[in-house]
Amino acid sequence: MNKVIEQIGKLGVVPVVAIEDAADAPRLGQALMAGGLPCAEITFRTAAAESAIRAMATEYPDMLVGAGTVLTVNQAERALSAGAKFIVTPGFDAAVVDWCLSHELPITPGVMTPTEINLALNKGLKLLKFFPAEAAGGIKTLKAIGGPYVGVSFIPTGGIGVHNLADYLRLPMVHACGGSWLVKKQLIAEGEFKQIEKLTAAAVKLVQEIRGENHD
């Protein structure tokens, strides 16, 4: 379980994907890997999610393919069956968390308040999704609620892009950032995979620069 979480931290960015046609999944996976980011959180916001996870995970078994916007245990079951290596939820759902833990499937539940962080800690979880990041007050809020929770790390998601990625990555409690700017639905639908590769490479370069600063 920790190995997947560790890999996500090293990558620094998790592309959040809403894909309409599962046939596009292998080409998307190829573009992300070519850009230096072998990771994708395919969200259950579309009917193609399960098939897309299966297609990408089958084509690229070494990729960190996960499922996002998981709202029910049934979706978690389908995601795992399709080959998902991690689960992300928009909020804290005890039933989904318990199911994932019982199946040793890494889960990052969404939290926005100290109360929700406490619920996650009671389940033994210390990596949480801060969502919706910008709408919930962004960096200022994350610093405020993160302060009392020493040892808890966050993956802020929601409203993050090239304009503020570096600011989030500089926070010590940020494990990685989630975002859809690399993999916008329109880019996927129009087959702009070279552009996705370009955006991915730029994000990877930025992560390396910021993480390099932190270790200087």
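Computed from the coordinates by the stated procedures, all read-outs in this text should not be read as laboratory data. If you're wondering where the values come from, they're calculated on a predicted model, not measured in any experiment. When we count neighbours, we look across all protein chains shown, and the Cβ atoms used for this are built from the backbone with ideal geometry, even at glycine.
Listed values, structure above:
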item: HIS103 paired with SER81, simple spin-label distance in nm, labels 7 Å along Cα-to-beta-carbon; result: 0.9 nm
item: Value of relative contact order over the chain, rounded to a whole percent, pairs C-alpha under 8 Å and six or more apart; result: 23 percent
item: Around PRO106: net Lys/Arg minus Asp/Glu count, Cβ-Cβ under 15 Å; result: +2
item: Distant alpha-carbon pairs in the chain (separation over 31 angstrom), percent; result: 13 percent
item: In nm, spacing of pseudo-spin labels at THR72 and GLU192 (7 Å Cα→C-beta vector); result: 3.5 nm
item: Interchain or long-range residues, amide H under 5 Å from VAL88's placed H; result: ALA67, GLY68, THR69, VAL70, THR108
item: Difference of contour (0.36 nm per residue) and Cα-Cα distance, ASN122 to VAL150; result: 8.6 nm
item: Potential extension, ALA34-GLN7 segment - 0.36 nm per residue separation minus Cα distance; result: 8.0 nm
item: Rounded to the nearest 20 debye, dipole of the chain from Cβ charges on Lys, Arg, Asp, Glu; result: 320 debye
item: Interchain or long-range residues, amide H under 5 Å from CYS39's placed H; result: LEU64
item: Farthest toward positive dipole pole in the range 1-138 [+1 Lys/Arg, -1 Asp/Glu at C-beta], among ALA23, MET56, GLY9; result: GLY9
item: Inter-label distance, nm, simple model (7 Å from Cα along the C-beta direction), ARG211/ALA166; result: 1.8 nm
item: Sorted by Cβ neighbour density within 10 Å, fewest at the top, the residues VAL174, VAL204; result: VAL204, VAL174
item: The range 165-174 - phi-based ³J(HN,Hα) in whole Hz, Karplus 6.51/-1.76/1.60, Gly and Pro as x; result: 4, 4, 4, 5, 5, 6, 6, x, 8, 8
item: Built amide H within the under 5 Å cut-off of VAL14, gap 5+; result: CYS177, GLY178, GLY179
